């Protein structure tokens, strides 16, 4: 099963990072590298990236490109990790042990990977069998 773990840092964690010495920052980075090393050795890491600071992204919409996003909250999306695991329980355990969870405002969101194509194909099969979107037989009209 594939999941994406989104890592978020709260305002306390950001303040901690900004106050750290270079050596403390490197020790923090080393803890993250050790976490990745453990899970990569077990074959659980399928990809991911650390994201830049929130002042640098751009937002593309139909009406154009703007600076942003302008996040009202003090939380920062730090990155994402794509994992391949045998169960949701393992993805949750990986998230629980993420070294960036230091304060209550820090978090990891665990999202299952979806497939719009698979969803559309399943709906087409249900419709061909005379069922509605929920899988129930369609009422005779």
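Mind checking whether some residue in the stretch 29-51 is assigned to a loop (DSSP other than H, G, I, E, B) and closer than 28 Å to residue 13 by Cα?
yes
Please work out which one of (1) assigned to a helix (DSSP H, G or I); (2) in contact with a strand residue (DSSP E or B) (Cβ under 9 Å, 6 or more places away or on another chain); (3) under 20 Å from residue 2 (Cβ atoms) is the condition residue 125 fails and give its number.
Residue 125 satisfies all of (1) assigned to a helix (DSSP H, G or I); (2) in contact with a strand residue (DSSP E or B) (Cβ under 9 Å, 6 or more places away or on another chain); (3) under 20 Å from residue 2 (Cβ atoms) except (3).
Output the qualifying pairs, or none if there are none: Cβ atoms under 9 angstrom, residues six or more apart or on different chains, first residue in the stretch 17-33 and in contact (Cβ under 8 Å) with a residue 12 or more places away in the chain and at negative phi, second residue part of a helix (DSSP H, G or I) and surrounded by 12 or more Cβ atoms within 10 Å (Cβ to Cβ).
From the stretch 17-33, the pairs are 28/16; 28/17.
Filter the stretch 97-121 for residues that are within 26 Å of residue 131 (Cα to Cα) and part of a loop (DSSP other than H, G, I, E, B); which is modelled with the lowest pLDDT?
Checked the stretch 97-121; the qualifying residue modelled with the lowest pLDDT is 115.
The values are calculated or read from the model by the stated rules, or taken from the named source; none is laboratory data. Predicted, not measured: the structure shown is a model, and the values here were computed from it. Quick reminder, even Gly has a Cβ in these numbers, built from the backbone with ideal geometry, and neighbours come from all protein chains shown.
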